[in-house]
Amino acid sequence: MDDQLDPTSTAPADPMPTVAVGETAIPAAATTAPSRGSGLRTAALIIGAALLAVVVALQVVILNEVNSNADDLVSLNASVTELDLDVASVRDQANALGDQLEGIQVAAAGAASSSGAAVPAQSIPEGSLPPFESTQNDPAVVSGMTLGEVSGTEYYDATTVSYPSSSDKARVWMVWAHWCPYCQEELPELSAFWEQSQSSFPNVELVSVTTSRDDTRGNPLEPYLEELQLPFPVLVDDDLTLAGQLGTTSFPYWVVTDTEGTVLLRVSGALPLEQVANIFTELEALTAAT
């Protein structure tokens, strides 16, 4: 440090002044200079003051750093607290939503058990079926819904045909799309089965509906139908009206109705030929017995 006294300095002292007293010169220090012990004490005091200043400065720096860290810690604690509040809010909202969903499910279950239908009748047009979801607890089957009259243009005859709800025959409906690979696999087998077995089921009709037409996709509809020459009616559903009436949600799709149009079964997906034969056999027996 500047201007500090160095007690180890070896620089020569200034010549001591002298004072004349009579004829003898006496060094001035003999009467006015401080003692050596007093000088050392002064040097020690100056050094101590300097060291004290350094210590105070360090304490100030450390205190400022501690205060800064304390401020950061307070800010971090505030952020954590705010995050905890956000998490708690989201948890409360999720719990509330879960309670609402549970309430809806309970209400729906109560409605289904009391009325036998999982879908309110007023939400479905008369004569139409609800969208198909599963064969288990299918509302169309559980509540005994009736399929209304189905009308459309038959491809091979180019005429409008109608199938009323009540008839002397039960019906098996198959809904398909020309671009569906599963339909393309199943239709030739179904065609061969019907040509061979139709006479065994005098009380059952097989009616197909081709829908969801898309000329931009593979296997164009008209050339495909000309190639197949299906032995059962093919209703062309260009505007998806019939698909909606039957509750179609995928292809191929099957609906089985009795002579009153009551829905007995709905199935989605390709069926093994043996299962198709069983459906026709059981439906024939049921219809013949009534």
Show me, for the stretch 248-263, the HN-Hα J-couplings you get by feeding each phi into the Karplus relation (A = 6.51, B = -1.76, C = 1.60, θ = phi - 60°), rounded to Hz, glycine and proline as x.
5, 10, 6, 10, x, 9, 10, 9, 10, 10, 8, 5, 9, x, 6, 6
Compactness relative to 2.2 N^0.38 Å, alpha carbon Rg of the stretch 127-289
0.97
Per-residue Cβ contact counts at 10 Å, fewest first, order V150, V175, V142 as V142, V150, V175
Amide H of S212 versus every other amide H placed in the peptide plane: which residues, excluding those fewer than 5 positions away on the same chain, fall under 5 Å?
L240
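Every read-out reported here was derived from the displayed coordinates using simple, explicitly stated rules and does not represent laboratory data. None of the values given here were measured: they were computed from a predicted structure. Using ideal geometry, Cβ is built from the backbone for each residue, glycine included, and neighbour counts are taken over all protein chains shown.
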